[in-house]
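Asks: For reference, the structure I am asking about is given below.
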Amino acid sequence: MLKASDLRAGHGDVTIFDSLSLTLSGTRRTGLVGPNGAGKTTLLRLLAGVDAPEHGSVTLGAGDRVGYLPQEPPGPDLTIDRLLGAALGEVWRLHGELERLEHRLDE
C-alpha cells in the first residue's frame, strides 16, 4: 500500500499542488495523466522518495517499495539495464536471472 497525505509541492513561488492525498492498495494499476507542467513528475518523485514534500507525508506498506525512472538518463554512460537496476533493485536482478534460466531451457 502507498499512502500520500496532505502533500504540497511547488517550484519557487508557484504551488504545483496543495493538500493532495491518495491511497493505492492491492494489485491495482493506476495511471497518472495530465498536461505538461501539471505536476505529474513532481508527484512521482515525491511518491518514490526522490524529493521531499514541502508539507505532508508518503508512507509505504511493509515490504513495499517504489522505483522511479527519470525522464532523462542522469549520464551518457548509464545504460537502460543499469538505470532499471538502480530503480528496481532486487526485482530487476531476479528478472535477469529468470531470463538466463529460460534461455538455458531453450538450448
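The values are calculated or read from the model by the stated rules, or taken from the named source; none is laboratory data. Just so it is clear, the structure is predicted and the values come from calculations on it, not from any experiment.
Asks: Residue by residue through the stretch 10-49, note down the ones that are among the acidic types (D, E) and either modelled with pLDDT of 95 or more or within 17 Å of the chain's Cα centre (by Cα) (or both). I'd like the intermediate steps shown before the answer.
Replies: Of the stretch 10-49, the ones among the acidic types (D, E) are 13, 18.
Within the stretch 10-49, D18 is the sole residue that qualifies.
Asks: With the requirement that a residue be more than 30 Å from F17 (Cα to Cα) and either of a type in the set (K, R) or modelled with pLDDT under 75 (or both), what does the stretch 55-105 give you?
Replies: Once the filter is applied, which keeps residues that are more than 30 Å from F17 (Cα to Cα) and either of a type in the set (K, R) or modelled with pLDDT under 75 (or both), the stretch 55-105 yields R82, R93, R100, R104.
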